[in-house]
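One structure is given here, and the rest of the page talks about it.
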Amino acid sequence: MTTTPVIDGIHLHARLAALARVGAIDGGGCARLALTDADRDGRDLVVGWMRAQGLAVTVDAIGNVFAIRAGREDGPPVMTGSHIDTVRTGGRFDGNYGVLAGLEVCRALDAAGLVTRRPLCVAFFTNEEGARFQPDMMGSLVHAGGLSLQEAYAATDTSGVRLGDELERIGYRGQAAPGAIRPRAFVELHIEQGPVLEEAGYTIGAVTGVQGISWHEFVVSGTAAHAGTTPMRLRHDAGYVAAAAATYVRQLTHDMGGAQVGTVGVSELRPNLINVIANHARFTVDLRNTDEALLRQAEQRTFATIEAVAQAEGVTVERRRLARFEPVVFDATMVARVERVARAHGHDPMRLPSGAGHDAQMMARLCPTAMIFVPSVKGLSHNVAEYTAPADLDAGAAVLLDVLLELAQA
Ligand SMILES: [Zn+2]
C-alpha cells in the first residue's frame, strides 16, 4: 500500500546538525575544505547514510558520489544533489542541505512504499567550492566533460599538494568513469546565499540561471623605495596599481549598472611597511554578469585600465585566469515546473538568477536542469552565521520531493 510521501523535517535537521559536527568551527560553522581529512569524514558519514538507506553507491574517478534508488525501469536517473565540501569559514547549509534533502526525498518515498518509474539519484560533487583547489565546481565540471581528469588531478593547493594525490589519500578516487551516469534531468536545492528572497518576502526561489563568472589574478612588480625621499614622479608603486584597480572595478559596476558586479577580494603588498613603496602587489578581480557580452566588456575594460595604470606607473603586470564560466540559462520547462509545484504547496515563487556558481550549471550542459532556492537569513553565506529557518528548509525539501516525483514518474 502506498501513501503520499512527506518530508521528515526533524530527521533532515538532525542530519544537517550531525554533518555540521564534522569539521565544526567556532560560531556554528564548518571547515571541510575539499579532500582534507574533514572532507573525508563528512563523506564517510553521508555515504554511510546512503548505504543505510539501501541506495546503491558509486564513486567516480574524481570522487563524485552517486547514490541510486532503483526505479521500475532502468535507464537514466532523475538526479538531485549538490556538494558537501565547504570554504574555510563555511556554514552548515551551503551544499549540505541539497544533498541531505535529496536523501530525505528517498526516505519519504521508502516510507510511502513508492517505487518511481525512473531511478532517482542523489549526488554530491567533489570540490564545488574551489577554496583549496581551482577551478571551483570541479567535480561536476569533470562529470560534464568540461575538464579532463588529468587537468583536475594536476590542480595544486597553496602548499603544492596535488589534488589527485589527496583524492587517493582520502580513499575517494573511485573506479567509475566520470560522466558515466547521464541523468534525464537534474534539480539542485540550495540556500540562496544572498538577501533577495528574504528581503522580498518569498520562501521559494525558482532559479532561472547562473550568472557568468570571471576570476583573474594580477601580480604587479614595481620598485621598493623610501617613502620620504622618492619624488612622486619617480615612483614605481605596485601598491598604487592594486588600489587603482580596486577603485576602477567599483566604478565600472557603477557605470555599467544592471547585473554587473565586481570585487577585488585579495590584495597583498610587499614589503607591506608604512614607509616603503611596495615593489610587489598581488590582487584578484571577480567579475560576474548574467549576460556574456556584458561580462566580456567588463573584463576588457578592467584589463585595459589596469594595463594603462601599470604602464603610466612604470611597473609590469602579469595576469592569470583562475576561472571563467559563461552565464547559464536553465531549461524553461524545468523552471516552470518548479514554479508550478511551489504554487501547489501554497507558495508564491520568485524567479531569480543565481549570484553564486553551482554544480547545476555544469549539469545543465548534459540535461534539463533547474534549481530551487530557499532564503538565507540576512543573505549570509560562506560565513559561520549562515542560517535558514527550519520551516524554510522543510518547504524547499517538500518542493524538491514533488518536482523529483513528477520527473521520475513521467
Ligand atoms: Zn554551495
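The values are calculated or read from the model by the stated rules, or taken from the named source; none is laboratory data. Please read these numbers as outputs of a predicted model, since none were measured by experiment. Note that each Cβ is placed from the backbone with ideal geometry, even for glycine, and that neighbours are counted across all protein chains shown. For the accessible areas, the whole protein counts, side chains as well, though only heavy atoms, and no ligand, DNA or RNA atoms are used. Shrake-Rupley method; radii C 1.70, N 1.55, O 1.52, S 1.80 Å.
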Q. Any residue at all in the stretch 100-122 that is of a type in the set (D, E, K, R), open to solvent by less than 10 Å² (accessible area, probe 1.4 Å) and within 16 Å of the ligand (Cβ to nearest atom)?
A. no
(Q) without any contact (Cβ under 8 Å) to a residue 24 or more places away in the chain, open to solvent by 30 Å² or more (accessible area, probe 1.4 Å) and out of contact with any strand residue (DSSP E or B) (no Cβ under 8 Å at 6 or more places or on another chain): is that true of Arg343 in this structure? (A) yes
Q | Candidates Ala304, Ala332, Ala389, Ala397, filtered to the one that is within 30 Å of Asn279 (Cα to Cα), among the aliphatic types (A, V, I, L, M) and at pLDDT 95 or above | A | Ala304
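Of the residues Thr333, Thr369, Thr388, which is of a type outside the set (D, E, K, R) and without any contact (Cβ under 8 Å) to a residue 60 or more places away in the chain? Show your work before the answer.
Values: Thr369 fails: without any contact (Cβ under 8 Å) to a residue 60 or more places away in the chain; Thr388 fails: without any contact (Cβ under 8 Å) to a residue 60 or more places away in the chain.
Exactly one of Thr333, Thr369, Thr388 is of a type outside the set (D, E, K, R) and without any contact (Cβ under 8 Å) to a residue 60 or more places away in the chain, namely Thr333.
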Q) If you scan the stretch 254-304, which residues turn out to be open to solvent by less than 70 Å² (accessible area, probe 1.4 Å), among the polar types (S, T, N, Q) and without any contact (Cβ under 8 Å) to a residue 40 or more places away in the chain? A) Gln260
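Within the stretch 36-58, can you find the residues that are among the aliphatic types (A, V, I, L, M) and open to solvent by less than 20 Å² (accessible area, probe 1.4 Å)?
Within the stretch 36-58, the first condition is being among the aliphatic types (A, V, I, L, M), and the residues that meet it are 38, 45-47, 50, 52, 55-57.
Val46, Val47, Met50, Leu55, listed by residue number.
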**Q.** Cβ pairs under 9 Å, 6+ apart, first in the stretch 67-96 and over 19 Å from Arg117 (Cα atoms) and open to solvent by 50 Å² or more (accessible area, probe 1.4 Å), second within 16 Å of the ligand (Cβ to nearest atom) and among the acidic types (Asp, Glu)
**A.** Arg92/Glu386
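Please find, among Ala224, Ala185, the residue that is of a type outside the set (S, T, N, Q), at pLDDT 95 or above and under 30 Å from Pro77 (Cβ atoms).
Details: Ala224 fails: under 30 Å from Pro77 (Cβ atoms).
Ala185 is the lone residue from the list that is of a type outside the set (S, T, N, Q), at pLDDT 95 or above and under 30 Å from Pro77 (Cβ atoms).
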Q) Which condition breaks for Thr208 when tested against (1) of a type in the set (S, T, N, Q); (2) over 30 Å from Lys378 (Cα atoms); (3) touching a Phe, Trp or Tyr at 6+ places or on another chain (Cβ under 8 Å)? A) (2)
Q. Is it the case that the stretch 127-144 has a residue that's within 16 Å of the ligand (Cβ to nearest atom), outside any loop (DSSP other than H, G, I, E, B), over 28 Å from Ala398 (Cα atoms) and touching a Ser or Thr at 6+ places or on another chain (Cβ under 7 Å)?
A. yes
**Q.** In the stretch 242-253, the residues that are surrounded by 18 or more Cβ atoms within 10 Å (Cβ to Cβ) and touching a Phe, Trp or Tyr at 6+ places or on another chain (Cβ under 8 Å)
**A.** Ala242, Ala245
**Q.** Failed item, numbered, when Leu33 is tested on (1) open to solvent by less than 10 Å² (accessible area, probe 1.4 Å); (2) among the hydrophobic types (A, V, I, L, M, F, W, C); (3) within 16 Å of the ligand (Cβ to nearest atom)
**A.** (1)
Q. Would it be correct to say that Pro349 is surrounded by 17 or more Cβ atoms within 10 Å (Cβ to Cβ), closer than 30 Å to Pro5 by Cα and either modelled with pLDDT under 95 or away from the ligand (no atom under 16 Å from the Cβ) (or both)?
A. yes
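Just to be sure, is Ile170 within 15 Å of the ligand (Cβ to nearest atom) and in contact (Cβ under 8 Å) with a residue 40 or more places away in the chain?
Working: within 15 Å of the ligand (Cβ to nearest atom): no; in contact (Cβ under 8 Å) with a residue 40 or more places away in the chain: yes.
When the stated conditions are applied, Ile170 does not pass them.
Go through the stretch 388-399 and give me each residue that's away from the ligand (no atom under 15 Å from the Cβ) and of a type outside the set (Asp, Glu). First the steps, then the outcome.
We begin by selecting, within the stretch 388-399, every residue away from the ligand (no atom under 15 Å from the Cβ); these are 389-392, 394-395, 397-399.
Answer for the stretch 388-399, where residues must be away from the ligand (no atom under 15 Å from the Cβ) and of a type outside the set (Asp, Glu): Ala389, Pro390, Ala391, Ala395, Ala397, Ala398, Val399.
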